[in-house]
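The values are calculated or read from the model by the stated rules, or taken from the named source; none is laboratory data. Everything numeric in this text was worked out from a predicted model, so none of it was measured. Glycine gets a Cβ as well: all are built from the backbone with ideal geometry, and neighbour counts include every protein chain shown. Keep in mind that these areas ignore ligands, DNA and RNA; they rest on the heavy atoms of the full protein, side chains included. Shrake-Rupley method; radii C 1.70, N 1.55, O 1.52, S 1.80 Å.
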Amino acid sequence: QVQLVESGGGLVQAGASLRLSCAASGSISGINAMGWYRQAPGKERELVAIISSGGGTKIAESMQGRFTISRDNAKNTVYLQMVSLKTEDTAVYYCWGDRFGRDYWGKGTLVTVSS
């Protein structure tokens, strides 16, 4: 089993920056890609960013230039740096990991961006 625990969410004003962290524990050997998804109120969960074990990244088009994903394999932690936040970025942000083809999810951290 893999446990993913997010941290770093909160209430910020539009234009602010925020960094989310996701720490993996448990059976962490074999974790391949990790990333972030988000779900806004009344909307479906959507991809934010993914990073492979080798460091390759994919950022959702609407977030490119504002969001950056990084990974510290020694700490088993993945980060999401968000800048120039907009009110439409308000959502619960979920950490995701893939281990041998099985998906693992964190419980989510709420990011609220006020105008």
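Overview of values
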{"item": "Residue match in the range 59-69 (condition: of a type in the set (S, T, N, Q), closer than 21 Å to Ala91 by Cα and not in a helix (DSSP H, G or I))", "result": "yes"}
{"item": "Selected residue (only one of Val78, Val113 is in contact with a Ser or Thr (Cβ under 6 Å, 6 or more places away or on another chain), in a strand (DSSP E or B) and open to solvent by less than 50 Å² (accessible area, probe 1.4 Å))", "result": "Val113"}
{"item": "Residue within the range 8-23 that is in a strand (DSSP E or B), over 15 Å from the mean Cα position of the chain (by Cα) and either of a type in the set (Lys, Arg) or surrounded by fewer than 14 Cβ atoms within 10 Å (Cβ to Cβ) (or both) present", "result": "yes"}
{"item": "Count of the range 24-49 residues which are outside any loop (DSSP other than H, G, I, E, B) and of a type in the set (Val, Ile, Thr)", "result": "2"}
{"item": "Meets criteria (free of Cβ contacts under 8 Å to residues at least 40 places away in the same chain, out of contact with any Pro (no Cβ under 6 Å at 6 or more places or on another chain), open to solvent by 70 Å² or more (accessible area, probe 1.4 Å) and hydrophobic (A, V, I, L, M, F, W, C)) for Ala49", "result": "no"}
{"item": "Top-ranked residue of the range 58-75 - restricted to ones that are over 27 Å from Ser29 (Cβ atoms) and among the charged types (D, E, K, R), ranked as surrounded by the most Cβ atoms within 10 Å (Cβ to Cβ)", "result": "Arg66"}
